[in-house]
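Throughout, read-outs are computed from the coordinates displayed, never taken from laboratory work. Here the structure is a predicted model, which means the values were calculated and not measured. Here the Cβ positions follow ideal geometry from the backbone for every residue, glycine too, while neighbour counts run over all protein chains shown.
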Amino acid sequence: MNEIKEIFFQECEEQLAELESGLLKMNDGDRDPETVNAVFRAVHSIKGGAGAFGLDDLVSFAHVFETTLDCVRSNKLEPTQDVLKVMLRSADVLADLTNAARDGGSVDESRSSGLVKELEALANGQTPAPSAAAAPKPAAKPAAKAAAPKAAPKAEAPAAPPPPTDDSGFQPIPFSFDEFSDEEEPVIVAPTLEVMFKPRRELYSKGNDAALLLRDLSRIGEMSLNCNTDSVPTLDSLDPEEAYFSWKIAITSEKGEEGVRTVFEFAEWDCDLEVKVQEEAAEDAEELPMVPVPFDLSVLDEGVSEADEDSDAGDSTVADAVEAAETATKVVNMAASAAREKKESPAAAAAAAAAAAAQNQASQAVQTIRVDLDRVDRLINLVGELVINQAMLSQSVIENDTNGTSSINMGLEELQQLTREIQDSVMAIRAQPVKPVFQRMSRIVREVADMVGKSIRLVTEGENTEVDKTVIDKLAEPLTHMIRNAVDHGIETPEKRIANGKNPEGTVKLTAKHRSGRIVIELVDDGAGINREKVRQKAIDNDLIPADANLSDEEIDNLIFMPGFSTADKISDISGRGVGMDVVKRSIQALGGRISISSRPGQGSTFTMSLPLTLAVLDGMVVTVAGQTLVVPLTAIVETLQPEAQNIHSFGANQRLISIRNSFCPLVDVGRILNFRSSQANPMDGVALLVESEGGGQRALMVDAIQGQRQVVIKSLEANYTHVPGIAAATILGDGRVALILDVDAVVAASRGQSLKQEMSLAVAG
């Protein structure tokens, strides 16, 4: 029974996520009947399972919630912004009751009972008063009936008499393109898109290739392209790093504009991309004859009658009916397309529809299984050991085989490729979208906004961006602190926003995207920005900086990350104790990431977090520094070069610059920074690694030699030894030696004049 109960609570988490996601869509204006049905089914499923385990508090609250949602389904209740605000708070209480039933504890009875009264009032037709702080919204269209198919005729159309039924019991369905609204017009033919693609120089500097992007684009449809070479200069003025070509592409693909943009997903910020539908591809829809389709409409009638019953069977029937209606729409579209293109008779089109329906029923949904995370972690650890042993075996064979052409070497190459594929597959198992974490932030925004009397809307983008689950699990705490800080300190009150000519409803935007082998999460608010004078004065009052300190705007902004710092005038339930943003920085640095701030007074602030995609493996460059072997993360390296004497320039007492294509870049001796040697090495005797750091710009790291590029398994130094300044982690090489993984950001920060120990102590403290 305990195992079954645990499965129930796991399913509750999925249903609660579906519930909140659907309510947020409705809050943004989505009135699709299927969205309303999904919200209703989530609450109904939780209530049914809770009843089986005797969870009375959960059942009683879910029953009232379900009744109110049923009024929305049947168009008895208009889902306005104020109605949905009550439902979102009800979803929060439903989640609290579920957690209390699983983990023990209780929920504030006054809160739950108050919401029960509000839900009952809504069900009885008593709509809440409009919120004064909320921004005016256009009236939403009433939702359609729950079991009505998406392709239903418009409401204002006169009801047609029921068509005759043949001997088989099937009814012919009248079909015409005019029966569809503009928003739900069926796609009969794949659209032809016109794509304008012009790379920027940043695209090539980050290792991307326009040819590979065009190749991937050709895989999603039929494509023709024209390359524009008008911008190519003469050979004597050619810049090898500049991008001169651009392409005009015509592609016909069923995946549409979304599929095209998916191809350029990781390069869209490094190119000029324009996607639009070709005007000549759109044809006027012609009238089509009545097409009889073998589909029994009585299934829908049964689904509607049984959906109102308070039982699991009724809910299942609703889902089946809606699914059958959607299937019917697809089948009719296919039949109409056949009649349109081949000019066949309606009977022939019906036969094609019947075949399509049979094929659709034969297809099965993707199957999934539940696996304990511990099992996946053990598998990943074993694969990591496999990678290490494979590297050791390769190293041993290379040292004992001089010709390098034996069958053993060939087998080892295949083993290395298979090991890499196994590792990538196992890592993909643990990769999950950041959507669950982003959804949790919606509740925090609502609760904090209500506490401080503000109207704030959370906008999320890139929720399906995938990252290792270990990273996701540790993202919740720093994001929570940042969201609370943005709502409490960043966004102004509605009165101040109106006085400043802003929308009284503030906006917090949370986005996630992949960039250069890392995940970048941005939190943007349209508030007042950072008051630098107030921040500086608070830091002086708290003895965090001297009164005569000369700080840049960036340095003043970063003062909010110092322990004990707070600009709140008094301690409240939300802020004032100075234990928020320093926790954020420590949490991000513990994940091997960095956080930066960009703020504009009166316009808002942007917090940018850059994190590794996984904490298990790393692609790195193995280098030698003063007899020590180090691994430099490959994502930080822009290029490698051999310094020449004429390109090295002295600067100040002990600083050196290297000239790279008419620009100067600081030269950093890694061995000197890490105290591997007491004096600086001769740059001409080594190799320079041009790296890009978070907030530190470009630096040329000086190393003695490069051994090669390898994928290494990350081992935590803090867990197995202790923290080492300038070192992010460790790994085991193929010869069995331990190699240290360089913390590029810490080394670059130390090169700006601050000692490495001071830099690392500040990183740990704040």
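Can you tell me how segment 434-612 classifies by the Cα gyration tensor, rounded, prolate or oblate, using a/c under 1.5 as the rounded cut?
Values: a/c = 1.68, a/b = 1.17, b/c = 1.43.
Because a/c hits 1.5 or more and a/b fails to exceed b/c, segment 434-612 counts as oblate.
Shape class of segment 192-281 from the Cα gyration tensor (axes a ≥ b ≥ c, square roots of the eigenvalues): prolate, since a/c reaches 1.5 or more and a/b is larger than b/c. By DSSP, the beta bridges lying fully in segment 617-765 are antiparallel in about 90 percent of cases.
Among the listed pairs 276/513; 502/538; 25/435; 85/435, give every one whose C-alpha distance is greater than 26 Å. Could you put the intermediate results ahead of the total?
Details: 276/513 23 Å; 502/538 28 Å; 25/435 14 Å; 85/435 21 Å.
Correct reply: 502/538.
Translational diffusion coefficient of segment 373-431 (Stokes-Einstein, Kirkwood radius from Cα pairs, 10 °C, 1.306 mPa s): 127 µm²/s. When peptides 213-220, 587-594, 116-123 are ranked by their average number of other Cβ atoms within 10 Å per residue, the highest-first order is 587-594, 116-123, 213-220. When each of the peptides 371-381, 234-244 is scored by the mean number of other C-beta atoms lying within 10 Å of its residues, the order from highest to lowest reads 371-381, 234-244. Based on alpha-carbon centroids, what's the gap between segment 646-695 and segment 497-521 in Å, whole number please? Rounded to whole Å, the Cα centres lie 38 Å apart.
The residues neighbouring residue 381, those whose beta-carbon lies less than 12 Å from its own, together hold a net charge of +1 under the Lys/Arg +1, Asp/Glu -1 convention. If Lys and Arg each add +1 and Asp and Glu each add -1, what is the summed charge of the other residues whose beta carbon sits under 13 Å from the beta carbon of residue 602? Net of charged neighbours comes to +2.
First check a/c for segment 667-727, with a ≥ b ≥ c the square roots of the eigenvalues of its C-alpha gyration tensor; if it is under 1.5, answer rounded, and if not, answer prolate when a/b is larger than b/c or oblate otherwise. Prolate, since a/c reaches 1.5 and a/b exceeds b/c.
Taking Cβ atoms as reference points and 14 Å as the exclusive limit, the residues near residue 243 contribute a net charge of -4, counting Lys and Arg as +1 and Asp and Glu as -1.
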